[in-house]
Amino acid sequence: MASSTGFCGSIWAKEEQEEQVAGVLDDCLCDINSIDNFNNYKIFPKMKKLQERDYFRYYKVNLKRPCPFWAEDGHCSIKDCHVEPCPESKIPVGIKAGHSNKYLKVANNTKELEDCEQANKLGAVNSTLSNQSKEAFIDWARYDDSQDHFCELDDERSPAAQYVDLLLNPERYTGYKGPSAWRVWNSIYEENCFKPRSVYRPLNPLAPSRGESFYTWLEGLCLEKRVFYKLISGLHASINLHLCANYLLEETWGKPSWGPNIREFKHHFDPVETKGEGPRRLKNLYFLYLIELRALSKVAPYFERSIVDLYTGNTEEDADTKTLLLSIFQDTKSFPMHFDEKSMFAGDKKGAKSLKEEFRLHFKNISHIMDCVGCDKCRLWGKLQTQGLGTALKILFSEKEIQKLPENSPSKGFQLTRQEIVALLNAFGRLSTSIRELQNFKVLLQHSR
C-alpha cells in the first residue's frame, strides 16, 4: 500500500497547498491510494488486453449526425481532422445488416488484415476493417428491449453508421480547441449540470467579484446532483489527461511523434496554474472511475450466464475473450470500497422517480451534444465515453432486473446491445488508462525538477 500522503503531495509539494489528490473521496468511503494500487497493478493490464480483442476493438458509430442545438461551423479546419472512410466496395456487407437475433452465430473469415486507405493522421478516423470481419459483423447488432437509456444510441441500421477500428484510431491530441470546443463543454456544464446562471464555474473570467461561491452552491445540492456534476467533471478531466499523454510533440518528414506533454498537463492540473482546480478535477476523475467500476461489478451476472457469448466467429478467441472479461469482473467484485449507489434516489418514491428521470434526461441531452463536436476523432471518443458512462448508469439503476435474469434465455427486463457493451468496457478502459497515466506524469514531473 502506498504512503497515505498521496502521489500529488510529492509532485506539487507546497506548504500552502490546500487541495491534494489524496485521502478519502467526497460522497464515498474510498481512498485514492487504494484505487491507484488496485487499478495500476490488477485492472489496467487486463483491460489493455481486453481492448485489443476483436469483439471490443470495433465500435459502430454515426459521425454524421447533425448538431441539434446550433448551426454547425463545419468540421474543423485542422489538418486531416475528418473521417477518411473506406471505399464502398471495402465496407463489409454485414456492417449494414441490422439483425436482431441476439445469439445467432455465423461463420467467420480468418484472412489477414488488409488496409483500405491510409488515414491515420491527426484527427482523421481510420475506418479500415479486416476482411475477416465481413461475415462476423452480420449478427453483432443486438436488440435491446429496455427503454431506460441514459444516452442517445446511434441507429446501427442507419447508412451513416459505420464500424470503426478503435486500435487504428487512438484517442490523442488533434489540435481541436478554441471557440468550437469551448462551446461544447460550456453547453454541457451551463445547461445540463443543474446549475443556475447566477452561479459561475471556477476560472470563469465573467464571474463577478461577489456572489455565491460555486462550491458553496455545489455542496448545497442533493447527492444526486452533486454526483452528476462530478461525473461530467471527471469525464472532462479524463479526456484532457488522454490528450496530455498522447500529445503531438513534433512532426518530422511528415511523420508525427506522440508522447506525454508535461507543460500541457500542468496547464490542466497543476494546483497553482489552475488556482486549486486541478486537484479537484483529478478527484472527480477518481470518483467517475469508482462509479464505472461499481457498474462492472453489478453487471457481472449478465455476462456470467452461458447464453451470453461475445461472438466474433473465432471460437477459440471468443472463449478466451469471455474468460478474460469474467476475470476482470471477479477483480471488480473483490474491490472492498465500492460506491454505494443505493444512497441515490432513496427518498420518497414519487420524488425519487422524478429526480431519476431528470437525471436521465440531462445525461441523455449531453449525449446529443457530442454530435456538435467539430473534430471527428474527438467526436468518436466523446460519443463512446459518454455512451459508456450512460450504460454504467443504466446498469446501476437496473439491479432488480439484473438479479432476475434467466440463465438460459434472453431477458425482456434487462438487455445490453453490443454497442453498449463495447462502449462500457472501452470507456472504463479509458479511465483505467487515465489513472495509469497519472503515475507516469508523477515520474516525469519528479525527473523534470
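The share of accessible area on the stretch 206-259 that comes from carbon and sulfur is 52 percent, using a 1.4 angstrom probe.
So which of LYS46/LYS177; LYS225/LYS353; LYS48/LYS333; LYS275/LYS442 end up more than 23 Å apart by C-alpha? Pairs exceeding the cut-off: LYS46/LYS177.
Under the 0.36 nm per residue contour assumption, what length would be gained going from the current alpha-carbon distance of ARG197 and ALA160 to full extension?
Full extension of this stretch gives 9.6 nm more.
Residue separation of LEU326 and LYS275 scaled by 0.36 nm, minus their Cα-Cα distance, works out to 14.1 nm of gained length. Taking other residues whose beta carbon is less than 11 angstrom from the beta carbon of ARG263, and scoring Lys, Arg as +1 and Asp, Glu as -1, yields -2. Among the listed pairs LYS356/LYS404; LYS230/LYS383; LYS322/LYS364; LYS195/LYS364, a Cα-Cα separation exceeding 24 Å is found for LYS322/LYS364. With both labels modelled 7 Å from their Cα along Cα-to-Cβ, the LYS342 to THR216 distance reads 3.7 nm. Solvent-accessible area per residue in the stretch 361-414 equals 31 Å², computed with a 1.4 angstrom probe and all protein chains kept.
The values are calculated or read from the model by the stated rules, or taken from the named source; none is laboratory data. Since we're looking at a predicted model, the values are computed, not measured. As a convention, Cβ positions derive from the backbone with ideal geometry for all residues, glycine included, and neighbour counts pool all protein chains shown. Ligands, DNA and RNA are stripped out before the accessible areas are found, and what is left, the full protein with its side chains, is counted by its heavy atoms. Shrake-Rupley method; radii C 1.70, N 1.55, O 1.52, S 1.80 Å.
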